[in-house]
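Data first, discussion second: the structure below is written as structure tokens.
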Amino acid sequence: MRIPRAQLLIEPWNTASVRTAESAGYRCEGLLRGWQEIGGRRRDMLMRPAERRPSLR
């Protein structure tokens, strides 16, 4: 079974998570305004899908 897409959602202020995601091969695809509710407030999230790597087969 192949996973068609892996992605992370990260709050824009969380620079440590942004750097970790970049080093793991996740690129920034866009900003989702008011995407998720956390602590009773709507929060923006950065969508970061994993870069596709060619199969070694």
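The values are calculated or read from the model by the stated rules, or taken from the named source; none is laboratory data. Just so you know, these numbers come straight off a predicted model, no measurement behind them. Note that each Cβ is placed from the backbone with ideal geometry, even for glycine, and that neighbours are counted across all protein chains shown. Only protein heavy atoms, including side chains, enter the accessible area calculation; ligands, DNA and RNA are left aside. Shrake-Rupley method; radii C 1.70, N 1.55, O 1.52, S 1.80 Å.
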Legend entry - Qualifying positions in segment 1-15 - open to solvent by less than 50 Å² (accessible area, probe 1.4 Å), modelled with pLDDT of 90 or more and farther than 9 Å from Arg48 by Cβ: Glu11, Asn14
Inset, instruction - Output the number of residues of segment 7-53 satisfying the condition of being in a loop (DSSP other than H, G, I, E, B), within 8 Å of the chain's Cα centre (by Cα) and basic (Lys, Arg). - result: 1
Inset, instruction - Please enumerate the residues belonging to segment 25-40 that are closer than 22 Å to Glu51 by Cα and of a type outside the set (Phe, Trp, Tyr). - result: Gly25, Arg27, Cys28, Glu29, Gly30, Leu31, Leu32
Legend entry - Pairs, first over 11 Å from Ile10 (Cβ atoms) in segment 28-51, second open to solvent by 60 Å² or more (accessible area, probe 1.4 Å) and part of a strand (DSSP E or B), C-beta under 6 Å, six or more apart: Gly34/Arg42; Pro49/Gln7
